Each structure stands twice: as structure tokens, then as C-alpha cells.
1. Helix-derived [θ] at 222 nm for the chain: sum -39500 (n - 2.57) over DSSP H runs of at least 4, divide by residue count, nearest 500?
2. Hey, rough spin-label estimate for E242 and Q154, points 7 angstrom out along Cα→Cβ, what's it come to in nanometres?
3. Taking the Cα centre of segment 258-308 as origin, sum charge times position over the Cβ atoms of Lys and Arg (+1) and Asp and Glu (-1), and report the length of that vector in debye to the nearest 20.
4. Can you give the charge dipole size of segment 22-203 about its Cα centre, rounded to the nearest 20 debye, using +1 on the beta carbon of Lys and Arg and -1 on the beta carbon of Asp and Glu?
5. With bins 20 Å wide starting at 0, give me the P(r) of the chain over every alpha carbon pair, in whole percents.
6. So how far, in whole Å, is the C-alpha centre of segment 38-116 from the one of segment 164-189?
7. Count the lysine pairs in the chain that are 8 or more places apart or on different chains: how many have C-alpha atoms under 19 angstrom apart?
8. Give the distance, in whole Å, between the Cα centre of segment 302-325 and the Cα centre of segment 228-265.
Amino acid sequence: MKTRRFAAHRHPNFRGAAALRWHLQPPLRNIKLLKSVETGVTRVAFIGLGVMGYPMAGHLARAAHAVTVFNRTTSKAERWIAEYRGEAARTPRAAAHAAAVVFSCVGNDDDLREVVSGADGAFAGMAPGSLFVDHSTTSARVARELAVLAAERQIEFIDAPVSGGQVGAEKGVLTIMAGGNEAAYQQAAPLLGAYAKSVRRIGPVGAGQLTKMVNQICCAGVIQGLAEGLNFGLQAGLDMEEVVAVIANGAAQSWQMDNRAHTMLNGEYAFGFAVDWMRKDLGIVLDEARRNGADLPTTAVIDQFFGELQRRQRNRWDTSSLMTLLRDR
Ligand code: NAP
């Protein structure tokens, strides 16, 4: 196996010769066997150590699972294994080798296809009976497409996009919306608890991504509404910190108001959930709406506002920077 470092022997739940035997077993054919009976440790792999994946994989390691990571830019994987106990592999396939559950959190549909399929992809390294859980935000179509590829290898596939942002990932309080087979979901759910406060299976493969689309439609409208409200108050000469303090206790309250109103009033945007990511997500949403016939008149307009932020090189700013289009005259 192409691994950078084998540090499992330093794992708190690993004990001497028994632990070493566990590590040296050949690839096993049953997901239940991939959990060490003696220790309760599950061997897992995590692909994609970005803003979200890095701390998520870290929570799995802290929950005493045996984690092998893969990241395209190897320096991030090296930083990760220096910070947490675990191993780093050179390819997704090597990371996935002998893992009971393989997680991914990469960028878009094509990125996911790249780490999953092909000779060095994760599926090539996974044993029949193992489970793949994808946390990227993608189309429902790619989730279904990869579930078919997985089924050909007797691998279960779950689409499990997340909400809660970088802070939610770091604090381990993400919300996860899952799509997939109920039995596979039941096997994944206890592991997801390492970094989530709320995990729910919504339906078959693709249902997790469709739920995330609902989430993004709601967020886009709320952010634009908040920006227009704050801008209106400023134009009217109101003390907006006072205004927010009172209306945040009424029907206008939202996560965006609680977490972003203050920074929007201060003109702070160099953090948070990037405009580029939201534009990608709304592209997926609008594409899906063309298929299912849903009208998204407001979302389509707000998508154009995000496009304008990209044109003004504000693409890495937080989505609350919609406010700047109203303030810049
Ligand atoms: P990020 O910081 O840009 O990290 C992306 C990760 O994917 C990196 O590890 C990157 O590797 C890897 N990657 C991308 N394309 C790849 C490819 N073709 N082959 C191999 N690896 C590839 O992104 P993030 O913020 O963690 O977001 C990850 C996913 O979560 C996205 O789908 C995003 O929409 C979703 N999400 C993000 C947030 C948020 O607040 N950031 C919230 C909810 C959901 P390198 O290090 O080599 O670039």
C-alpha cells in the first residue's frame, strides 16, 4: 500500500501485537469485518482536505477511527498527518484500500468523478461490501451516476452534502442531508456523528443533493432580503445595530441575520462561504429546475447578482457580500 506514514500503532485504541495483526490483514470482503472486533476502531479513508474536509477528517481521527487521507496537493495531507494520527496515501485508490468507509469532500461534479473513477480512483481500491460517502455539493445526476458505478462493484454510495460552513466543520456541528440505501445509511450515521449535530436520510441516492439545493435556494433569498433590509435602514438613517438587536427577536430572525448582519454593517467579507461556491451551487439548482419544471424567479436573479460579484473580483468573499452591490454606487 502506498502510504506516507503508518502511525496506527500510536493510536490510543491500538494495543501491541493484536493491533498489528489487524493492520496486516489482507483486503477483506465484508464491511463488518473491517471494523476491529477487539477495539471498535473502523478503518476509513478521507479524500479532499480542503476548508471542510480537513477538520472533518480530523474529527474522525479524534473519534479514534483509523484514518487514511488523500489530498491532491500533498502538502495539505502532510500537514494533516502531522496534526492528527493517521496515514497519507498517494492516490485515492491507495487511500481507499481496505477501508470500510471512504469519505470525500471535493469541489464539483468533475472533481468527484476524478477522485472516484479510473485506475487510481477510490472505487478501484474498495472491497465489495464497503461504503462510499460523498460530502461534496454536486448535482443529483452525478450522485446517481456514481451510485450505478459503485453498485457494479458491490459498493454502496451515499450522497451526503453538508451545511454549516467552515466553522460548523471545525466545531463538528454540521448538518448533513443524506440520500441512499437505508441499511448503508445506518452504517454511516454513527461515523457522521463525529462532525455533525444533525444527520438525516431524506430518500434514495440523489435526495441528499436535492435537499442541499432547497437549502441553497432558501439561503440565497434570505441573504438578498437581509442585504436589502440593512441597506434600506442605512439609507433611512437608522441606528442599524439597534434595529438588528430588536428585529432579530422577531419574525425576521435568521441564521444569516444572527451571523452576518453585524459583519455586513461593518463591510467585512473576507471569510465564510465563497461567492464562487454559491454560484456553482445555484448553477446546479437552476439546471435541476429546468428538468423538474420548478419556477425560481428570485433565485435566478440573485444568481446574476453573484455573477456580478465574480466580475468585480469578489468571488472569494462571503455570500453576504451581496450587500456591496447595494452599497457601491
Ligand atoms: P476547498 O477548500 O476548495 O477544498 C476542495 C478540496 O477538493 C481540496 O482538498 C482540493 O484539493 C480537492 N479537489 C478539488 N478538485 C479536485 C480534483 N479534481 N482532484 C482531487 N482533489 C480535488 O473547498 P471546501 O470549502 O472544502 O468545499 C468542498 C465542498 O464542500 C464543495 O463541494 C463545497 O461546495 C462544499 N461546501 C463548502 C462549504 C464551505 O463553507 N466552504 C459549506 C458547505 C458545503 P487541493 O487541495 O489539491 O486543491
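Each value in this text was obtained by applying a stated rule to the coordinates, not by laboratory testing. Nothing here was measured: the structure is a model prediction, and the numbers come from that model. Cβ placement follows ideal geometry from the backbone for every residue including glycine, while neighbour counts extend to all protein chains displayed.
1. That comes out to -15000 deg cm²/dmol.
2. Rounded to a tenth, the inter-label distance reads 7.1 nm.
3. Dipole about the Cα centre, nearest 20: 80 debye.
4. Computed charge dipole of segment 22-203: roughly 360 debye.
5. Taking all Cα pairs of the chain, the binned fractions are 31, 51, 17, 1 percent.
6. Using only Cα atoms to place each centre, the spacing works out to 15 Å.
7. So the count of such lysine pairs works out to 4.
8. For segment 302-325 versus segment 228-265, the Cα centre distance is 20 Å.
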